[in-house]
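Okay, so here's the structure we're looking at.
What follows is calculated from the coordinates using simple rules that are stated; it is not laboratory data. Since this is a predicted model, take the numbers as computed values, not measurements. Quick reminder, even Gly has a Cβ in these numbers, built from the backbone with ideal geometry, and neighbours come from all protein chains shown.
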Amino acid sequence: MSGSIESLVVDTGPIVAVLLAGDQHHAWAVDAFGKLTPPLTTCESVVSEAQFVLRRLGGDPIKVLELLRAGLLEIDFSLQSELDRILELQRSYRNVPMSLADACIVRMSELRPRCRVMTTDSDFRIYRRNRRNVIPLLAPPGM
C-alpha cells in the first residue's frame, strides 16, 4: 500500500470472497489479503452480514469469526457512539439504499482520513465521506 494510506477498512464483500472459492472475486481477494499487513479493521455489522451471506451461499459462517481470532481482522467501531452520523448517512442514501454495514464502513472511513475501504460493492463509488469526499477504495479491477 502507498505510504500516504495508514489503514484499511474492510467491507463484507472481500471477506465473503476470500472465504468462498466460488465467489467471482475470490482470486482477487486471496491475492489482495495476501499482500496486506493484518490486522485489517472492520465492524460488527460487517461480520454479521458476512456470516449471513456466507451461510446463504453455502459457505461456513464460522470462518468469519476465525479470521477475527487469527488476528487478520479486528473490530474497531462503536455503533452506539456513532449513531447520529449513521442515521444521517442512511437517511441521505435511502434511495441506494445504504445498509447498516455500509453506513458503518463510510463512518469508519470518515474517522480514519488516511484509509482506504476494501470492497466489492460498487455503491462505494456513490457514497461520500464527510458529505462530499470520494472514498479511496481497494477494489477488484473494473468495479
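Values for this structure:
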{"item": "Theoretical ellipticity at 222 nm over the chain - DSSP helices of four or more residues, -39500 (n - 2.57) apiece, nearest 500", "result": "-12500 deg cm²/dmol"}
{"item": "Calculated log₁₀ intensity ratio I(q)/I(0) where the Debye formula runs over C-alpha points of the range 7-138, q = 0.12 Å⁻¹", "result": "-0.42"}
{"item": "Candidates Val30, Val96, Val47, ranked by Gaussian network fluctuation over the chain, Cα under 10 Å, top entry", "result": "Val96"}
{"item": "Rg/Rh for the range 18-78, where both radii come from Cα atoms and Rh is the Kirkwood radius", "result": "0.95"}
{"item": "Interchain or long-range residues, amide H under 5 Å from Leu73's placed H", "result": "Leu40, Leu68"}
{"item": "Angle in degrees between helix 26-35 and the longest Cα principal axis of the chain, rounded to the nearest 10", "result": "80"}
{"item": "Summed residue charge, Cβ within 15 Å of Leu19's Cβ, Lys/Arg positive, Asp/Glu negative", "result": "-2"}
